[in-house]
Amino acid sequence: VQLQASGGGLVQAGGSLRLSCYASGRTFSIEGMGWYRQIPGKQRELAAFSNSVGSPIYADSVKGRFTISRDNAKNTLYLQMNSLKPEDTAVYYCNGRASGRSYWGQGTLVTVSS
């Protein structure tokens, strides 16, 4: 499974961005996909995750502002980020889980200016 993330950029506080993650390879084996983020010097943390069954999981810090969605026909995962805050500034990584393994895309930088 290969994952390619895109959509990061610079946005003012209160603005919106949509991240995309395109999956290729053995996509039929993917059980769940999500977004993690990492601030320099800190551990990577979960932002949102979508399993094949059940409701999506969100970090408390993004609940009500971020929405994760999947377009299976396009093999693409999205993260709609609204009401962005400076503390959302981070490198965002796409993650996919398949057959007991975890796959990572390259990060995409999101910078929120105050």
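A few remarks follow.
- Extension reserve of the Ser29-Gln2 stretch, reckoned as 0.36 nm per residue once the Cα distance is removed: 8.5 nm
- Computed with a 1.4 Å probe over protein heavy atoms only, the accessible surface of the stretch 15-79 comes to 56 Å² per residue.
- Normalised Debye scattering of the stretch 1-55 at q = 0.14 Å⁻¹ gives log10 I(q)/I(0) of -0.52, counting only Cα atoms as equal scatterers and leaving out solvent.
- The charge dipole of the chain, taken about the Cα centre with unit charges on the Cβ atoms of Lys, Arg (+1) and Asp, Glu (-1), comes to about 140 debye, rounded to the nearest 20.
- Using the empirical formula 2.2 N^0.38 Å as the baseline, the Cα radius of gyration of the chain reaches a ratio of 1.00.
- Solvent-accessible surface (1.4 angstrom probe) belonging to Lys42, in square angstrom, nearest 10: 130
- Spin-label model, Thr67/Asn82: points 7 Å from Cα along the beta carbon direction are separated by 0.6 nm.
- Label-reachable residues, the stretch 73-114, where backbone N falls under 13 Å from a point 7 Å from Arg18's Cα toward its Cβ: 76-82
The values are calculated or read from the model by the stated rules, or taken from the named source; none is laboratory data. The structure displayed is predicted, hence computed values, not measured ones. Every residue, glycine among them, receives a Cβ derived from its backbone with ideal geometry; neighbour counts consider all protein chains shown. These area figures cover heavy atoms from the full protein model, side chains too; ligands, DNA and RNA do not enter into them. Shrake-Rupley method; radii C 1.70, N 1.55, O 1.52, S 1.80 Å.
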